[in-house]
Amino acid sequence: MLAKRIIPCLDVRNGKVVKGVNFQGIKEVGDPVACAAEYNRQGADEIVFYDITASHEGRGVMLDVVRETAKRVFVPLTVGGGIKTVDDIRDTLRAGADKVSVNSQAVQNPQLIRDGADIFGSQCICVGIDAKKTKAGNWTVFINGGRIDMELDLLDWVKQIEQLGAGEICLNSIDTDGVKKGFDLPMLKAVVDAVKIPVIASGGAGKLGHFAEAFQKTDCSAALAASLFHFKELTVGEVKADCRIKNIIVRT
Amino acid sequence: MIAIIDYGAGNIFSVRNALNYLEIENQLTDDISVIEKADKILLPGVGAFPSAMKMLGNKNLIPVLKEQAQKKPFLGICLGMQMLLSKSYEFEECDGLNLISGTVDRIPAEDLIIPHMGWNKLEIQNDCPLLKNLPDDAYVYFVHSYMATCQDEKNLSAWVEYGGKVPALITDNKYVFGAQFHPEKSGEVGLQILRNFANL
């Protein structure tokens, strides 16, 4: 049986982890390579770097981060943020990433998903989605960090993504993100039931039980959190121990 | 020195990073004389079976790999493992290196997500030197849509459960080993397996 995955996400700007993580024993505060190594030590099943660098020059810095991390951390690495073209995907994978995550760019140019999957394989292409519930009761897709409503129905979009050859979906709920009351289970369940590719839950984890809850109430494959792990409110190991007590299969 | 066969397929840098991290001497090569001089051979691979075999053929590497596999430890990873077998049916019927008798077919699990991607637990079938010093629950990382079937169960060292038994580690019980998973992406367990290979 495949284990459910726990995935910490590191937001990186100009080569530094945003919000200055300060793990014990790490001298360089905010060094993404050291943070990734610490998450690896805690038992992270995968590590996501989300590049929030605005400038083009910043991309080179991000690739250096990936290159250095790949020399020290031997679990899958995913890189998202600012990936616009097939060349960006190639550069990122060559630097040592195992997958890329495309978000706004995929909404604006869905062909990027198909081209990426055809050239590098579906397993490399994760599509990140920010979505929010409408007054009508469905969900729509937002881009540019949740600022622009594309008025694109979420369930239509996830089916299209699957058709285009994406290997995985990382689903972030704008409604629950940062609220710390748990993942958006209705949205998550709707998406998991609509597609056959793995879905990663994102947005809303605030305490230990929220991860197990997502796995018990939906068939999501993984759960992701950023600030919860950044600020050492929980470790990956604690989350996994809680899942294990509840008979959820996680990697030891 | 471990010769990592560089035939133009897949991500060979991760496995190189892992060997470098473990301070195991290695060299990326497609040079027959380097392969002949190496202590061990590692055949990586990501992609499709027919094109990978074609690339090995174009570089004239098939005879030297078959010959060296009778003389020194040889590890195939992922597609490199599948290429150890006799035949694959990925896209079209295609001959493999035939170092272990068996075939490669699509994972039959109809209700499950394909590719089989993620961490799965090794179930040990037969003792194998590559499985030394592992924890009881050893999870390793998989990404694949096709799987091996060995003709003889004695060639199967470990499998994982994914809609049935999916071969994870196979061997000719002499020099040749094949890992369907990626030891270079399987955390401490994977590093230990690479260490075990280097120590053969």
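The trypsin sites (Lys or Arg not before Pro) found in region A:118-170 that occupy coil by DSSP, while having at most 14 further C-beta atoms within 10 Å, are A:Lys135, A:Arg147. With contacts taken as Cα pairs under 8 Å and at least 6 residues apart, region B:130-200 reaches a relative contact order of 37 percent. Please give the average number of partner chain Cβ atoms lying within 10 Å of the Cβ of each residue in A:226-234, rounded to a whole number. Taking all residues of A:226-234 together, the mean is 0. Here the calculated FRET efficiency for A:Leu155 and B:Leu112, from their Cβ-Cβ distance with R0 = 22 Å, stands at 0.50, rounded to the nearest 0.05.
If the elastic network links every pair of Cα atoms under 10 Å, which of B:Pro183, B:Pro108, B:Pro50 fluctuates the most in the Gaussian network model of chain B? Evaluated over chain B, the most mobile residue of the options is B:Pro108. Using the empirical formula 2.2 N^0.38 Å as the baseline, the Cα radius of gyration of the protein assembly as shown reaches a ratio of 0.96. With a 10 Å cut-off between alpha carbons and a GNM built on chain B, which of B:Val176, B:Val15, B:Val34 moves the most? Looking only at B:Val176, B:Val15, B:Val34, the largest GNM fluctuation is found for B:Val34. Entry note: region A:151-193 has Rg to Rh equal to 1.00, where both radii use alpha-carbon atoms and Rh is the Kirkwood radius. Over region A:54-173, the pair-distance histogram of Cα-Cα distances with 5 Å bins from zero comes to 2, 12, 22, 21, 18, 13, 7, 3, 1, 0 percent, rounded to whole numbers. Distances between placed amide hydrogens fall under 5 Å for A:Asp51 paired with A:Val12, A:Gly80, A:Gly81, all partners being 5 or more residues away or on another chain. Lys and Arg at +1, Asp and Glu at -1: add these up for the other residues within a Cβ distance under 15 Å of B:Lys72 and post the number. Cβ neighbours under 15 Å give a net charge of 0.
Note on region B:2-198: Rg/Rh from C-alpha atoms, Kirkwood Rh, equals 0.93.
Gyration tensor over the Cα atoms of chain A: the corresponding equivalent ellipsoid has semi-axes (square roots of 5 times the eigenvalues, largest first) of 25, 23, 17 Å. Under a Gaussian network description of chain B, with springs only between Cα atoms under 10 Å, the residue in B:Ile62, B:Ile32, B:Ile113 that fluctuates furthest is B:Ile113.
At 25 °C and 0.890 mPa s, grab the translational diffusion coefficient of region B:57-149 from Stokes-Einstein with a Kirkwood Rh over Cα pairs, rounded to a whole number in µm² per second. Rounded, D is 162 µm²/s.
Summarising the label geometry, the points placed 7 Å from Cα in the beta-carbon direction at B:Leu28 and A:Asn144 lie 4.0 nm from one another.
For region B:106-164, the equivalent ellipsoid derived from the Cα gyration tensor has semi-axes of 21, 15, 9 Å, listed largest first. Remark: the A:Arg90-A:Lys232 segment gains 47.8 nm on full extension, using 0.36 nm per residue and subtracting the alpha carbon distance.
Read-outs throughout are calculated quantities, based only on the coordinates presented, and are distinct from any laboratory measurement. Given the structure is predicted, the values throughout are model-derived calculations rather than measurements. Quick reminder, even Gly has a Cβ in these numbers, built from the backbone with ideal geometry, and neighbours come from all protein chains shown.
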